[in-house]
Ligand SMILES: O=C(O)CCC(=O)C(=O)O
C-alpha cells in the first residue's frame, strides 16, 4: 500500500493518506469556518473555568449542558445535567454535521474505497468534545482509541500543535505540526490501532518544536490508554496577509504559532489551542 500520498482537494485542502484509514486534511477549515465552529463551542460551553485545576494540568475537557432530547430519556434521573460532549444525529442541521459532511465529500471524492471500507457519509451520529490546551505545555499522551464502529475527526483551532501519529502500516512515528483549520481523520477502532499524541503546543521561542518527519526509532514505551469517553508554514493555512503574519510577533499577548485572525476575534485563542474531537458513529 502506498503509505504517504498527497492530493489537492477543493478550496486548497491538501489531503495526505498517512495510513490505511488515516488521513490528514491540511487547510480544511477556512478562517470563517473556524470562527463559526469556535462560536458554536463557546455558545454551548458550560465549563466552570474558575474551578481549581489539577496541579500542572495544562489541558481541560469542556463541559456542555445535556441536550433536550437526552433529558427526556428514561435514564435522565440518573444522569448529570452536564456532559463532556454534544451529540448530533445524522441529518441534523448543525455546524458540526456540516463540517463532517464537507470532510466526507473531500475524502470520498479523492480516496477510493476498497474492500469493505465503510462509507463515511452513512453515519448514524456524531459526538463532539472539545479540549483546551494551554500554551506551550498542553498535551495529550500517546494513545490508541478503542471505539468500535467509529471514525474520529480531530479539528484544530488556535495555536499550532506538535502532533504525532503512528499507524501499523507506517515505517515509524510521524511528527508534524497541526495548524489551526487542519483536520486529522482516522478509524478509531482497536484493530485500526492509530496511535496519536498531542506532544505540545508550538513555541517559536524555543528550538525543540518538532519538524515534519518520520521517525524510524519507534519508542515502544508508549501508553496504550483507552480513550472512549468521549503546513508546516503558519501562513499556509491561515489565509493571513504577510503583514498580519509578521504582526503575530509584535503583540506581547500573541504567540506566533497562534493565528491572529482568530486571536483578534477570540482573545482566548491568542494563547490556547482547542482540539475539537468529533467522533462519528456507524
Ligand atoms: O486534541 C486533539 O487534537 C487530540 C485529542 C485526542 O487525542 C483524542 O481525542 O483522542
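Please sort 86-92, 124-130 by packing, taking for each peptide the average over its residues of neighbouring beta carbons within 10 angstrom, highest first.
124-130, 86-92
Site pair residue 114 and residue 282 shows an inter-label distance of 1.6 nm when each label is modelled 7 Å from Cα along Cα→Cβ. Here the peptides 170-178, 104-112 are ranked by packing, the mean other Cβ count within 10 Å, and the order with the highest first is 170-178, 104-112. Sorting 64, 163 from the fewest to the most surrounding beta carbons within 10 angstrom yields 64, 163.
We did not get these values from a lab; they are worked out from the coordinates using the rules stated. All of these numbers come straight from a predicted model, not from anything done at the bench. Don't worry about glycine lacking a Cβ; one is built from the backbone with ideal geometry, like all the others, and counts go over all protein chains shown.
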